[in-house]
Amino acid sequence: MTGGNPNRRPAEHAAPTEATVKQLYGTAFRCGKPDCRLPLFRLDNETGDRTLNSRVAHIHARREGGPRWNPGMSGEANRSGENLLLLCIEHSYEIDENAARFPPEMLREWKGAQLAEHDQIQRSWHLNNEEVAEASALSFDPHQMSIATASATTVVAAARAVGKMVSVGRQRRRLAHQAAQAWQALRLRTNRMMPVFDMNGDRLTVEPSRAETKPYQEALDRALADGQAELESLAVDVVAELHVVSAVDKSLGPWCDWVERQVEELITAAGRWPGRPPTEDDQAWPDAVAELQRASVTLSAAWRGERRGSPPEAAPAVSGPVETDEQRAVREHRELLESAGPWGRVGTVTMTRRCTHA
Ligand SMILES: [Zn+2]
């Protein structure tokens, strides 16, 4: 890293004092991440008991090579309240896991807002000695941290992998949509260029020939298949993380299963287009996205202990018979006729009008 003696031990500052931890909790109420409203302790409405729901995070890491490590910082400054930020458990790991996305300036801004909020609402946490010791141990003790990190990092990693699937899936869906639009444009062009009228003088719908539509159909099929393939490879990461989460914390197993099922649903939806010749996309894809996101957010909530009960049951597998080529040809032909319907109706209206004038 620094090119010096490779055997040199990395520098490490002392942990913040308990007095500092006490003072931090006395001037903050909620997680410092602005879009997160979680209180630093969770309250049980029935018993009134409170459970620590937060960690003391370092803006500049304590250990050399750690997140946002600042080599010029003194030990005193490193463990002072200014360098520390209270965050909910999930976000305390997130800022270290993705340190590049959370630069020190941003975290200092959060801290400023957290203090300002306390000034305004005058709510904070007055910790007893046991609570101070617990918060310090969970935040600074490397052994405790490694246990907690095992489930925290995997839950966060699973959520991130789901987020990636959704964003890649959306990009891919746009490509499929473009392919469908190009196909549709061909149909409109064909109709404009080849006006055909029936015996009554009404205009008929003309479909492009199979040879003309073939490349467009192939492009749509390819866009769908490519999207599906890419999501399948991303799903490998999600599923791997989910299995680790279940292994570390068995109570989360059913929630992980739910996310896994929704991952499958998303992949199925990605390979599907509502009609041929192309019609507008339907709700199946956005529904699959929303459901996967819901499952993923709920898994995180279950891990934070905010969620009791159990996830929705898996729907009984309705693996319908797979469409044969012949069935598909028949269906596509029927869809073609249906799509020509509106044009036909225009003709009928014209005819009716002509009759009234007669
Ligand atoms: Zn938070």
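Since every read-out is calculated from the coordinates, none of them should be taken as a lab result. In this text the structure is predicted, and so the values were computed from the model without any measurement. All Cβ positions, glycine included, derive from the backbone under ideal geometry; neighbour counts span all protein chains shown.
Some points to look at:
- Cβ-Cβ FRET estimate between residue 113 and residue 80, R0 fixed at 25 Å, reported to 0.05: 0.85
- R0 of 22 Å, Cβ-Cβ distance residue 100-residue 12: FRET efficiency to nearest 0.05: 0.50
- Using a Förster distance of 25 Å, the FRET efficiency for residue 330-residue 222 (Cβ separation, nearest 0.05): 0.60
- Set of aspartates and glutamates with alpha-carbon distance to residue 111 below 12 Å, sequence-local pairs under 8 removed: 82
- Sorted on the mean count of surrounding Cβ atoms within 10 Å across their residues, most packed first, peptides 275-288, 114-127, 243-256 read 243-256, 275-288, 114-127.
- Taking 0.36 nm per residue of sequence separation and removing the Cα-Cα distance, the residue 19/residue 35 pair yields an extension gain of 2.9 nm.
- Note on residue 212 and residue 43: the extension gain reaches 54.2 nm, defined as 0.36 nm multiplied by sequence separation minus the Cα-Cα distance.
- Value of D in µm² per second that Stokes-Einstein yields for the stretch 1-102, Kirkwood Rh from Cα pairs, at 4 °C (1.567 mPa s): 86
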